Ligand SMILES: Cc1cc2nc3c(=O)[nH]c(=O)nc-3n(C[C@H](O)[C@H](O)[C@H](O)COP(=O)(O)O)c2cc1C
């Protein structure tokens, strides 16, 4: 049985949902896991874990600053442990190159090269946004040619099958002897 730590950043809550899904799946495989919203958990990586999955979402071209700070501070430990990055964005819904670009920027900012990377589509949560954010996001969706501009409802693009595959691949990698990682 492995112990996996999942620190994350989220603004509107979709990454938190993805993290809970990953954690449930890890537990269903008989492992232990703990999730931590880095906004409240501080930037210390607790000891005693066998692996780490860092998750963050993209706003205005960047992942959460407190996740970047956490990774910079704990880079040595993240490099020592089998660790992965989950990046949540709208670009991951159809614009893979842009979604990869956000990760490349994150890697350049932090100096960390995660062993596994999952790019997952987030959500347009119009009913949760305030007035300005709602209209800004509607305009962005429209400019990108999306028909998903009905602000009386939400659009969730996360493909849960892909999240499941990523998690199971990560667990298989974690189980390999160090010489094969
Ligand atoms: C104000 C705002 C700015 C955003 N900027 C980007 C962006 O630059 N690129 C992108 O791909 N997605 C962008 N998104 C989409 C978010 O990544 C997406 O909504 C994601 O689900 C947010 O995850 P969270 O709920 O965990 O914070 C933006 C969303 C909002 C509300």
What does a probe at residue 136 reach in the range 83-98, counting residues whose amide N is under 20 Å from the point 7 Å along Cα→Cβ? 88-93
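Using a Förster radius of 25 Å, what is the FRET efficiency between residue 77 and residue 159 based on their Cβ-Cβ separation? Nearest 0.05, please. It would help to have the intermediate numbers written out before the result.
Values: r = 30 Å, r/R0 = 1.22.
Taking R0 as 25 Å, the efficiency between residue 77 and residue 159 is 0.25.
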What do you get for the angle between helix 131-143 and the principal long axis of the chain? Use alpha-carbon atoms, 0 to 90 degrees, nearest ten. 90 degrees
Would you please report the Å³ per residue occupied by the convex hull of the alpha carbon atoms in the range 68-164? 121 Å³
Grab the Cα-Cα distance for residue 147 and residue 3, subtract it from 0.36 nm times how many residues apart they are, and report the gain in nm with one decimal. 47.6 nm
Taking just the alpha-carbon atoms of the range 26-121, what radius of gyration and Dmax come out, in angstrom? 13.3, 38
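Explain nothing, just the number: relative contact order of the chain, from Cα pairs under 8 Å at least 6 residues apart, as a whole percent. It would help to have the intermediate numbers written out before the result.
Working: 287 pairs, mean separation 36.1, N = 181.
Answer for the chain is 20 percent.
What is the gain in length, in nm to one decimal, between residue 69 and residue 104 on full extension, counting 0.36 nm per residue of separation less the C-alpha to C-alpha distance?
On the way: separation 35, 0.36 × 35 = 12.60 nm, distance 1.60 nm.
Fully extending the segment from residue 69 to residue 104 adds 11.0 nm.
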How many nm separate the modelled label positions at residue 50 and residue 169, each set 7 Å beyond the Cα in the direction of the Cβ? 2.1 nm
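Let me have the 222 nm mean residue ellipticity of the chain computed from DSSP H runs of 4+ only, each contributing -39500 (n - 2.57), with the sum over all residues rounded to the nearest 500. List each step's numbers first, then the result.
On the way: 7 runs with 78 residues, N = 181.
That comes out to -13000 deg cm²/dmol.
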Considering only the range 33-181, percent of DSSP beta bridges that pair antiparallel, nearest 5: 25 percent
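Computed from the coordinates by the stated procedures, all read-outs in this text should not be read as laboratory data. None of these values were measured; they are calculated from a predicted model. So basically every Cβ, Gly included, is an ideal-geometry build from the backbone, and we count neighbours across all protein chains shown.
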